[in-house]
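Below is one structure, written out as structure tokens; comments come after it.
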Amino acid sequence: MRIERKERRYRLPPLPAGVETVFRESPAIVPALAATIAFLVLAATEAGFYATAWYAAALFMLGLLVATLIAVGLPRSVPKATLAALGLFAGYAAWSYLSISWADQQGVAWDGANRTAMYLLVFAIFTLWPMGETGGRLVLGVFGLGMAGIGLVELLRADAAADPARFFIDLRFAEPAGYINANVALWTLGLFACVFTAASRETPLALRPLAFGGAGLLAALALMGQSRGWALALPLALIVFVIVTPGRVRLLVTLGVVALATFLIRGPVLDVHDEVGTRSLDALLQDATAATMLAVVGLLVVGLAWALVERRVELGPAASRRLGRVVGGAVGVVAVGGAAVALAAG
């Protein structure tokens, strides 16, 4: 008697359509997300200032690049401009290592060269393999919402601290970076990512309100830092941001809503620095935190309402063009008026 044994074949369940699209468009999306999470960890730990943090991150990036080469394979059809940029970047890294031979402080030169090499690894991870529109939106969303989460934790920690002054330098919010300008720059990077995510129609319904709220929170934290360099650089950064980002009408409207919310709470946020002689830092920080959270809740509601409306209403090309002209004109008027007010105040 012959007994036939049937072979059982196990198959993985099919991936959801959205996830499958992401992996098809972005074969290296997993290492890109892993690198993004590493950025968030660095941001939360003194912005990666100390060598114990960024050396570990550099080794992690090297492992990510090697793992991507093994799992995904060699990149194909890389644009010539990307290859040229990568080659120039690699040449600069090589020159940085070569400079150790004539540097007066070779240890400092060694650290600088290793930093450059880490940046080169990051550039390679994000540019050698196609990211795709969906993957790019996902990475930006994770980074922006992650930065908003870090900002929320830092603000609540400072508000609940027995000695909130340790979160400030010269009464300007300086944590987690420990340096005012670097701290404000961190919040602004997350702010731009949240604004892009909130303005994008393709963002899932549940995430757009969170991105709106995160943008408002990060804008308030950046304002609390009262960085003079930020006040000069932000207008230029916003101009470039609007120029290079698609969907400018929704982007400008989103920026306007976030800017309005920030303007409405500017008093208690700025008072943390400006009015500390008249009231205690504890009381001023409590007022600023309450105002910031109120603005966040308002932006959550606005973001949810906007997302629900856009799911039901879709403008045609002609209406979109007319709306774009109206928004562009309104932004121009506000910009000219703001410049006039700034000159008058000066």
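Here Asp271 sits with roughly 50 square angstrom of accessible surface, probe radius 1.4 Å.
Taking square-rooted eigenvalues a ≥ b ≥ c of the alpha carbon gyration tensor, is region 69-175 rounded, prolate or oblate, where a/c under 1.5 means rounded and, failing that, a/b exceeding b/c means prolate? Taking the square roots of the gyration eigenvalues as a ≥ b ≥ c, region 69-175 is oblate. Each 5 Å bin, from zero up to the one with the longest distance, holds this percent of the alpha carbon pairs of region 216-262: 5, 20, 24, 29, 17, 5, 0. Using the Karplus relation 6.51 cos²θ - 1.76 cosθ + 1.60 with θ = phi - 60°, the per-residue 3J(HN,Hα) values for region 159-170 come to 5, 8, 6, 5, 10, x, 4, 6, 8, 10, 10, 6 Hz, with x marking Gly and Pro. How would region 164-247 be classified by its alpha-carbon gyration tensor: rounded, prolate or oblate, with rounded meaning a/c under 1.5 and the a/b versus b/c comparison settling the rest? It comes out oblate by the Cα gyration axes.
Take region 37-134 with all the other protein chains still there, run a 1.4 Å probe, and you get 61 Å² of accessible area per residue.
Using a probe of 1.4 Å, the accessible surface attributed to Asp163 totals some 80 Å² when neighbouring protein chains are kept in position.
Could you tell me whether region 88-149 comes out rounded, prolate or oblate from its Cα gyration tensor? Rule is a ≥ b ≥ c as square roots of the eigenvalues, rounded for a/c under 1.5, then prolate if a/b exceeds b/c, otherwise oblate.
oblate
Using every pair of separate Cα atoms, the Kirkwood estimate puts the hydrodynamic radius of region 190-294 at 14.6 angstrom. At each listed q (0.17, 0.23, 0.24 Å⁻¹), what is the log10 of I(q)/I(0) that the Debye formula gives for region 68-109 modelled as equal alpha-carbon point scatterers? Once normalised to I(0) and log-transformed, intensities are -0.65, -0.79, -0.81. Fully extending the segment from Leu236 to Leu74, taken as 0.36 nm per residue of separation minus the present Cα-Cα distance, adds 54.5 nm.
With a 10 Å radius around each residue's Cβ, average the other Cβ atoms per peptide and rank 143-149, 201-207, 165-171, 71-77, highest first.
143-149, 165-171, 201-207, 71-77
The values are calculated or read from the model by the stated rules, or taken from the named source; none is laboratory data. Keep in mind that what you see is a predicted model, and the values were worked out from it rather than measured. Positions of Cβ are backbone-derived with ideal geometry, glycine not excepted, and every protein chain shown enters the neighbour counts. Calculation scope for accessible area: heavy atoms of the full protein, side chains included, ligands and nucleic acids excluded. Shrake-Rupley method; radii C 1.70, N 1.55, O 1.52, S 1.80 Å.
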